[in-house]
Structure formats: C-alpha cells, structure tokens
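**Q** First, the structure itself, so that you have it in front of you.
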Amino acid sequence: MKRFTRREIVISASVAAPALILPRIAHSAAAFPAKNIQFVIPYAPGGGFDIYVRVIAPVMEKYLPNKVSIIPINVAAGAGSRGVAQLYRAKPDGYTVGILNIPGMFILQQQQGAGAYDLSKFSWIGSMGEGERYVISVGSKSPLKTYADLKALSAKRPVKLSVTGPEGTAFAATMIGAQLLGLKTQLITGYKGSADYVVAAIRGDSDAVIATIPTTLRFVRGGTLRPLASFETHSSFPGIPDATTLGQPELDNISVERLIAAPPGLPVDIQNTLSTALAKALADPVVVKWAKENDLIMKPRTPQETARIIADQRAFFDKWKKYLVTG
C-alpha cells in the first residue's frame with residue numbers, strides 16, 4: 001500500500017477548502033468592507049512574509065463582499081515586534097489585519113520580554129498555507145552521505161551547523177532539532193537570511209544545515225544540497241529517515257506558521273468574512289499555481305483552527321525555551 005506524505009495528503013485536502021469556510025452572519029458584515037484594508041507586514045519588503053502577502057492579498061480582494069483594496073504596509077523594526085504591537089493596538093473594525101511569524105513571535109517575546117501585546121488575545125483570521133517543516137542537509141560535495149554518517153561525526157566532535165541569529169526561526173529549529181536528534185553541535189551564526197546560511201553549508205562553512213522544506217528543495221533541485229533526514233512525520237524525500245523512523249515524533253512540531261490576525265475584539269461576523277475571503281484566495285488558481293511553483297501547501301484554516309495552532313505551538317516552544325534564550 002502506498003504511504004502518502006504530509007504534502008500529498010494536504011494538497012488533496014485543499015480541494016475540499018469550501019467545507020472549512022465558516023458561514024457569515026449577515027447583519028454588520030453586509031456593509032463590510034466599506035473602505036480599503038491595511039495588511040501589516042512586520043518585516044522589510046522582499047522577505048518571505050512580505051512575498052506571501054503581496055501574492056495572496058490581491059487575490060483575497062476578489063472574494064470580499066464589497067470591492068475594496070487590501071494594501072500591504074511594511075512596519076520593519078524590532079525584529080517584527082513594532083508591527084505586531086501596531087496591529088494589536090489598532091481599532092478592531094476589520095480594516096487592519098496582519099501576518100504573524102509563529103514561532104518567531106514566541107522567540108522574540110522570550111528574548112525581549114512580554115512586550116506590548118498578548119498573542120493569545122488576537123482575533124485570528126486563518127493562515128497563509130500549511131506550516132513549513134524542516135530538513136537537515138549537507139552540501140552535495142560533503143563526505144557525509146547518510147544520516148548515520150552525521151551521527152557518527154557527532155560522536156567524534158560537535159557537528160558544525162550554519163544558522164541565522166538567535167532572533168530567527170531557523171535558530172530555534174536548529175537548537176530544538178539538534179537536541180531531539182541528540183547531536184553535539186557548534187553553531188556558525190551571523191547569516192542574514194535563509195539563502196545565506198544554506199549557501200554557507202554548501203561551500204563548507206559548516207558540516208550541515210537545518211532549513212525549511214521549500215528552501216531545501218530549491219537547492220536540492222539545483223544539485224547543491226543533499227537531504228539527510230526530514231523532520232516530517234512522513235518524509236517528502238524518498239529514502240531518507242523522518243521523524244517517525246528516527247523515533248522523534250516531536251520533530252514534526254517544529255514549523256514556521258504564517259498566521260493572519262486582527263486586533264483583539266474583532267466582531268465575529270467580520271472575522272468570518274475575512275476568513276472566508278482568505279480561504280477562497282488560497283484555493284484560487286492563481287495562488288495554487290504560485291504555491292506549486294514554490295513547493296508550498298495552501299491549506300486553509302478557520303479562526304478556531306488557527307487559535308489551536310497558537311496554543312499548541314506555545315506549549316511546544318515553552319518546553320524548549322531555555323535553548324531559545326541562552327542558545
């Protein structure tokens with residue numbers, strides 16, 4: 001019997017997206033939206049979160065009950081904290097929404113204190129796709145051919161892992177993943193983005209690198225990166241061990257989630273209107289084509305499902321917070 005991967009199952013499930021869309025309550029949502037909606041991106045233009053919003057927001061406009069524009073607003077300061085705080089303080093009328101990096105916001109609060117917002121109080125709209133899981137890989141010219149080779153190296157000396165700074169989600173994935181895998185490590189830090197720290201492993205700055213599946217796939221197809229183990233429950237890479245075969249199911253909890261929120265206190269009918277538009281946008285052919293080209297899974301989620309993701313991810317990362325603070 002064929003064993004389906006997480007990616008195959010989720011892509012099939014996305015066909016049934018309308019079943020996840022919540023019914024709208026007509027009274028106040030009928031007049032919404034009456035003006036343009038601001039979409040807060042708490043990072044500079046050009047990054048992954050910015051690209052997601054600029055691809056999906058224009059499509060989302062088509063599925064709102066009234067014709068308005070959704071305008072991306074970059075608020076890049078404080079590693080994302082300023083934009084999130086601005087969203088939190090905005091009027092809860094549906095005209096300000098934003099994209100949040102989970103677990104990035106947990107890491108930021110862990111390192112800088114609680115800050116000016118409570119993540120549990122946001123009004124959740126949904127998510128921009130399935131969370132991205134991680135893979136540990138080596139450069140194609142590395143003498144390490146298998147995960148067993150990597151473990152053998154770790155028994156002799158710390159494995160050098162290239163990674164972004166401690167404020168990044170890749171840092172958290174690397175720290176937690178290495179602990180779950182029982183690897184002795186030495187972190188090579190200072191790289192600014194996902195491409196930079198992966199390229200560092202390819203050119204030999206480090207022995208290996210832990211990166212998201214979409215990022216890893218781009219380099220694998222280019223012939224410069226070789227995956228050794230997947231953090232998924234069932235690996236998307238044929239022939240390499242996954243969280244199940246490694247006996248570490250918690251590896252699958254390590255993911256990057258792009259969640260969409262509005263300020264606390266948003267009326268439920270407006271929340272459902274926005275959630276419906278987002279879910280339809282993720283199933284739109286334009287977005288589906290873009291997602292396929294970038295190895296992304298556009299799985300819609302209801303506000304309730306999104307709130308559960310926050311709770312589950314909070315519990316998981318709280319368990320490992322000492323590694324996120326001290327490195």
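**Q** I'd like the orientation of helix 268-282 relative to the chain: the angle between its Cα long axis and the longest Cα principal axis, in ° from 0 to 90, rounded to 10.
**A** The angle comes out at about 50 degrees.
**Q** Here's something else I'd like to know. Looking at the stretch 133-253 only, what percent of DSSP beta bridges run antiparallel? Nearest 5 please.
**A** So the antiparallel bridges in the stretch 133-253 amount to around 55 percent.
**Q** Could you state the per residue volume, in Å³, of the convex hull enclosing the Cα atoms of the stretch 141-253?
**A** Working: hull volume 10.8 nm³, N = 113.
Dividing the Cα hull volume of the stretch 141-253 by its residue count gives 96 Å³.
**Q** What is the distance in Å between the Cα centroid of the stretch 174-199 and that of the stretch 246-302?
**A** 26 Å
**Q** With all protein chains present, calculate the accessible area of Glu232 using a 1.4 Å probe and round the result to the nearest 10 Å².
**A** Estimated to the nearest 10 Å², Glu232 gives 0 Å².
**Q** Could you state the angle between the C-alpha long axis of helix 147-156 and the longest principal axis of the C-alpha atoms of the chain, as a value from 0 to 90 degrees rounded to the nearest 10?
**A** 60 degrees
**Q** Still on this structure, I have one more. Quick one: what Rg and Dmax do you get for the chain from the alpha carbons, in Å?
**A** 20.0, 67
**Q** Sticking with this structure for a sec: Rounded to the nearest 5, what % of DSSP beta bridges with both residues in the chain are antiparallel?
**A** Of those bridges, close to 55 percent are antiparallel.
The values are calculated or read from the model by the stated rules, or taken from the named source; none is laboratory data. These numbers were taken from a predicted model, which means no experiment stands behind them. Areas reflect the complete protein model, heavy atoms only, side chains present, ligands, DNA and RNA absent. Shrake-Rupley method; radii C 1.70, N 1.55, O 1.52, S 1.80 Å.
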